[in-house]
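S.K.: Below are the structure tokens for one structure; questions will follow.
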Amino acid sequence: MKCTRISSVLLLILVSSPFLAAQQSAPKVLRVNAPSAVAGKSQPISVELQQNAQVRKVTLRYRSFGETSFKGTEMLLSGNTATVTIPADAILPPYVEYYFELELESGPETYPVANPDANPLQFTVKPANPKDAEVRFLSPEPGETVAAEDLVIAVSLFYASDAIDRKATTLIMDGVNVTSQAVWSDDVLIFSPQNFGMPLNLGSHFIRIELRDTTGKPYHAIEESFNLSSAAALAEVKARLQSAGNASVEYRNEALSSGATTYLRGDARIDNTYRSIGFGGSLHLDNQEKSTLQPQNRYLLYGQTDFLRLQYGDAFPSYPSLIVSGTRVRGITGNLALGYFNLDVTYGQTVRRIEGILAPRDTLLDSSSVTARPLSSVRTRTDSLYYNFYSPGTFTRKILAIRPSFGSGENFQLGFTYMHAIDDTNSVRYAIQPQENVVMGTDLTLAFDDQRIKLESQTSVSLSNTNISGGNFTDAQLDSLTINGGINLRKDLPVAIGTVEKFITVNQSIFPTNPIYDQNSRLTTLPGVSTEATLSLNYFSNFLRTQFFRRGAAYQSFGNPFLQTDIQGFQVSDYLRLFSNRVFLSLSYEGKSDNTAFTKAGTTSYSNLNSSLTMNLAANVPTFQIGYGVYGRNNDQLIFQNVSTSDSASKVADEATNRLYFGVNYDFTAGIRHTLTASISIADKKDNTIYRRNQSNSFLQMAWNSQFKIPLQTTLSVLYSGNSSDQQLFKPDTTLSGRLGPDSTLTTTKFNYTVVTVGARYNMLGDNLRLAASVSPQFGVFNRVTYTASADYTVDRHNFALQLNYYQNSGAADDKIFSLIYRFLF
């Protein structure tokens, strides 16, 4: 315990400024495309990188309203654009917060650059109108193409509120009130245009349902569209192969102060349909593909029917989030969906082999003991007493995931998941400590009353091995562990060793030896178990959601490397709709703590309160959003300080962060059409420990777009990021071990920058030629001016895009970038 305390003190003394030196440069993100989302629907998000950003990998970190931990998923990088889709279960009102992690050739970076977890970006999540669910369009289905000879309109009000007067329902088709020609069959309103000789043109049509309550007042209105064709045309389309696709080639030359680089990239995608069968693929080629990096080239082939989908290539399979989530797998993925029985299977690689680099000149004399040699070394010859150092490479990591499930998931689904990941020890020669991981789990979904009540839960258990190079232990090796006072695997493992060896390598590197029971503390701490349960209720204009979660200290899944472990707690949130869905109030509270296995000197606890008010009062009135949150962190471990002759103590962590957010969006006409968006986020952290690591962060964004009557659009935007961080530094007390001396220094680090952009776009030749230019001065910790000019021309199915970027740097040589992109639709 004493050594642990001393180590903690030294570590805290040596903590540097939170602003990494690698980030003392201009942000690599040019713009983020995150449109407003709808609750419960998956949300695509993309980020456009600076032309000179040499990015190898982009990871999106995101969290739902009320959560404090960020989930993660790798983005698909193509050219200077990275894209990903956030799953539907994370899209909860009123907003989702996020930031980006960039892996650059020069090191890691984030966007926003400073303290992104304390002051992240966010996009608005619009609530799904609960009244929409009261009307079900049975025929045609929304967006469906049907034959004119078979058209029958059927709308169900089975789920409509008791406040509805069903007989007062109005059915409108293409602007014509046809209610008098429709008939009721129980709760279904049916209309057949052929029976009344109503002429219908082929093409797009829409249906509108207007509901009134029992007092005769309007209650709700909803529209859906469908397409009309002939039976002969539909039969002909189904009988022939339909294909659609696109391809692009990009040439980019970067003449930077650090050197010149030429990039050549190509993308292609094709989708085919024949009767009920769909198939196609996508391809991304990059001249930066290297055997020393993880894949830059990507490909994916797919084939699907109404109940089966197969993919081969680079895919992001979806399983219960505790087991596989956000991980790219190169291999085969299959999904069988029969409703009563479903099967998901994935097999492939998550990591590609990268051979280590041998250092032939670092030849040293071998010791008499093989175990005394460094891990990253190899004998020069088998009969030699000399060995060489090497830079370790990376093993190929293979993964297998299987999930059978029962039920469609609409009201019931029970699933069982098995995931096994292992490093291939034969894939490279110069690498160390190959690993292995196995996870098994079950998940359950129950829903009632048209999913107004929904319970979702999942539980999984894991075993990992940090070094499988020696394989399974023999009986003699197992006995040696016990004799030498080490672990007793025969006793600790929950089942017989022979059974465990069928799933994972068993040796001294397996952990936890018992995923349920801790042999040292003799407590049932569940170190290798993770579980969570979520209950949601959607009644009386309230969406109430509660969640309990616990993830063991030794739990690990190679299928989800972004998962935070050694944490337990709960979360409660309520989303209240007021004044006919014009005002929305959100409240949430989360409490959680670590040290689930009682192995740490202190326990860190978190208490987080969030609130948000959104007002969308009318179409010609700005939409406002105001948010306030308080984030607390406390660790009960004490740090001792000797000031003069008296002792004092401080907690390792004792802080509170207040965060305020304000956003506005306004569309208006003042001679011409304008759109104004602005947001400001302010976070202030107060650190009550002796280190006084106070922080203040502010992030302001504003954009003004104007659309003139001529084909001219102008943009003025301003971005400001202000960050300040304090830290009290102490010298160690030379008289008392593990204590801090009286001498201290308060240091303050500031990281502020401003980006102003003025741009314009002008369309010509019937909008086929689009010319754009912008100038963007940047001030603060970095100073430069960016000039951009582009031309985009479309003729038939061909598109040419030319872009020039000139970076006028302060104190360094200027940078120039030229890019040309050709796109073709077929």
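S.K.: Output the relative contact order of segment 527-578, whole-number percent, from Cα pairs under 8 angstrom with separation of 6+ residues. Don't skip to the end; give the middle numbers.
M.R.: Numbers: 96 pairs, mean separation 20.1, N = 52.
Relative contact order, segment 527-578: 39 percent.
S.K.: Do the alpha carbons of any pairs in 57/685; 41/126; 686/750; 600/651 sit beyond 19 Å of each other, and which pairs? Write down the numbers at each step before the final one.
M.R.: On the way: 57/685 31 Å; 41/126 10 Å; 686/750 16 Å; 600/651 14 Å.
From the list (57/685; 41/126; 686/750; 600/651), the Cα-Cα distance tops 19 Å for 57/685.
S.K.: Any idea what % of Cα-Cα pairs in segment 432-545 are farther than 21 Å? Can you show the working numbers first?
M.R.: Numbers: 3282 of 6441 pairs.
Roughly 51 percent, once rounded to a whole number.
S.K.: State, to one decimal in nm, how far the label point of residue 106 lies from the label point of residue 626, with both points 7 Å from Cα in the Cβ direction.
M.R.: Result: 4.2 nm between the two label points.
S.K.: What distance in nm separates the simple spin-label points at residue 455 and residue 83, each placed 7 Å from Cα in the Cβ direction?
M.R.: In this crude label model, residue 455 to residue 83 measures out at 4.0 nm.
S.K.: Starting from the eigenvalues of the Cα gyration tensor, five times each then square-rooted, give me the equivalent ellipsoid semi-axes of segment 91-156, largest first, whole Å. Write out the running numbers ahead of the final one.
M.R.: Working: eigenvalues 434, 63, 6 Å².
Semi-axes (√(5λ), whole Å): 47, 18, 5.
S.K.: Heavy atoms of the protein only, probe of 1.4 Å, neighbouring chains included. What is the accessible area of residue 621 in Å², nearest 10?
M.R.: About 50 Å², ignoring ligands and nucleic acids.
S.K.: Please give every one of the lysines within straight-line cross-link reach of residue 217, meaning a C-alpha to C-alpha distance under 16 Å, and leave out same-chain neighbours fewer than 8 residues apart.
M.R.: Reachable lysines: 131, 167.
S.K.: Under a plain spin-label model, where a point goes 7 Å from the Cα along Cα-to-Cβ, how far apart in nm are residue 186 and residue 490?
M.R.: Result: 6.6 nm between the two label points.
S.K.: Let me ask another. Just to verify a number: FRET efficiency for residue 668 and residue 208, C-beta to C-beta distance, R0 = 22 Å, to 0.05? Write out the running numbers ahead of the final one.
M.R.: Details: r = 28 Å, r/R0 = 1.27.
Efficiency for this residue pair is about 0.20.
S.K.: Where does the chain land at 222 nm, in deg cm²/dmol rounded to the nearest 500, when only DSSP H runs of n ≥ 4 count, each adding -39500 (n - 2.57), divided by all residues?
M.R.: Details: 5 runs with 38 residues, N = 826.
Calculated mean residue ellipticity at 222 nm is -1000 deg cm²/dmol.
S.K.: Now for a different question. For the full complex of protein chains and a 1.4 angstrom probe, list 466, 786 by accessible area with the highest value first. Could the numbers behind the result be given before it?
M.R.: Values: 466 60, 786 10 Å².
Putting 466, 786 in descending order of accessible area: 466, 786.
S.K.: Let me ask something additional. If you compute P(r) over Cα pairs in 10 Å bins from 0, in percent for the structure shown, which of (1) 2, 10, 15, 17, 16, 13, 10, 8, 6, 3, 1, 0; (2) 2, 12, 20, 24, 20, 13, 6, 3, 1, 0; (3) 2, 9, 17, 23, 23, 15, 7, 3, 1, 0, 0 do you land on?
M.R.: (3)
S.K.: Can you give the FRET efficiency to the nearest 0.05 for residue 472 and residue 402, using r as the Cβ-Cβ distance and R₀ = 30 Å? It would help to have the intermediate numbers written out before the result.
M.R.: On the way: r = 23 Å, r/R0 = 0.77.
For residue 472 and residue 402, the calculated efficiency is 0.80.
S.K.: Classify segment 743-790 as rounded, prolate or oblate, taking a ≥ b ≥ c as the square roots of the eigenvalues of its Cα gyration tensor: rounded when a/c is under 1.5, otherwise prolate if a/b is larger than b/c and oblate if not.
M.R.: Details: a/c = 7.15, a/b = 5.27, b/c = 1.36.
It is prolate, given that a/c is not under 1.5 and a/b is the larger ratio.
S.K.: Which of the trypsin sites (Lys or Arg not before Pro) found in segment 203-247 are in a DSSP loop and have at most 15 neighbouring Cβ atoms, other than their own, within 10 Å? Before the final figure, lay out the partial values.
M.R.: On the way: sites: 208, 212, 238, 240; in loops: 240.
Here the trypsin sites (Lys or Arg not before Pro) that fit, given the DSSP loop and packing criteria, are 240.
The values are calculated or read from the model by the stated rules, or taken from the named source; none is laboratory data. Note that the structure is predicted; figures quoted are calculated from it, not measured. So basically every Cβ, Gly included, is an ideal-geometry build from the backbone, and we count neighbours across all protein chains shown. The area values use the complete protein model at the heavy-atom level, side chains included, leaving out ligands, DNA and RNA. Shrake-Rupley method; radii C 1.70, N 1.55, O 1.52, S 1.80 Å.
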